[in-house]
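Taking it in order: structure first as structure tokens, then the write-up.
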Amino acid sequence: MPTITINKKALADYQILEKFEAGIILTGAEVKAVKKGQINLKGSYAAVDHKNQIALINAHISAYRPAAGSQTNYEPTKDRKLLLKKKEIDYLRGKSQEHGLTILPISVYTKGGLVKLELGLARGKKQFDKRASIKKREIDREIRRKLKKF
């Protein structure tokens, strides 16, 4: 399952509480563009609408160059419908309405020829949480470095 892209900004700024795997509805040219890595998740999020459908909002998928003729009026940041089970959508709807929780895309990857999206139920980190994460990462790196010498 090769990873196409990771939303590093979301991982740095948010604490991921739960993860979900979702399918994403794309056109053929969009699938080819995503598989070439022409997708950017920075600033994107997912939301449940009034029809009980979940959509990926503000994800940028560049136009696929060889299919430029068939892609007239292409909008790279349009909302894209996500495929989840009804129970998962209901659960995410309830959790997203809680104070401080949001649904963010974490990564995009392929699974058996299909493009999948990993969603995370996230809570924003405070500044001191970010510093603690950086400090823990530096300590772990130092420990690995010292253990490598032995």
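The values are calculated or read from the model by the stated rules, or taken from the named source; none is laboratory data. These numbers come from a predicted model, not from an experiment. Cβ: placed from backbone, ideal geometry, glycine included. Neighbour counts: every protein chain shown.
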Exactly one condition in (1) surrounded by 15 or more Cβ atoms within 10 Å (Cβ to Cβ); (2) touching a Leu at 6+ places or on another chain (Cβ under 9 Å) is false for Arg93; which is it? (2)
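Yes/no per residue for (1) assigned to a loop (DSSP other than H, G, I, E, B); (2) surrounded by 18 or more Cβ atoms within 10 Å (Cβ to Cβ); (3) among the β-branched types (Val, Ile, Thr):
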site	(1), (2), (3)
Leu11	no, no, no
Gly23	no, no, no
Asn52	yes, no, no
Leu56	no, yes, no
Ile103	no, yes, yes
Glu118	no, yes, no
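Just to be sure I understand, how many residues within segment 1-26 are among the charged types (D, E, K, R) and touching a residue at least 40 places away in the same chain (Cβ under 8 Å)? Please lay out each step first, then the result.
The first filter runs over segment 1-26 and keeps only residues among the charged types (D, E, K, R), leaving 8-9, 13, 18-19, 21.
So of that shortlist, the ones also touching a residue at least 40 places away in the same chain (Cβ under 8 Å) come out as 13, 18-19, 21.
So the answer is 4.
Would a scan of segment 83-92 turn up a residue that is modelled with pLDDT under 90, assigned to a loop (DSSP other than H, G, I, E, B) and not hydrophobic (A, V, I, L, M, F, W, C)? Explain how you work it out, then say what you get.
Residues of segment 83-92 that are modelled with pLDDT under 90, as a first pass: none.
Within segment 83-92 (the criterion being modelled with pLDDT under 90, assigned to a loop (DSSP other than H, G, I, E, B) and not hydrophobic (A, V, I, L, M, F, W, C)), the answer is no, since none of the residues qualifies.
Only residues that are among the basic types (Lys, Arg) and either touching a Cys at 6+ places or on another chain (Cβ under 9 Å) or buried (at least 16 other Cβ atoms within 10 Å of the Cβ) (or both): list them for segment 77-90, please. Give the derivation first.
First, pick out the residues of segment 77-90 that are among the basic types (Lys, Arg): 78, 80-81, 85-87.
Arg80, the sole residue that qualifies.
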Residue in segment 27-45 that is under 16 Å from Thr102 (Cα atoms), in a strand (DSSP E or B) and touching a residue at least 24 places away in the same chain (Cβ under 8 Å) present: yes
Would it be correct to say that Ser96 is at pLDDT below 95 and touching a Ser or Thr at 6+ places or on another chain (Cβ under 9 Å)? yes
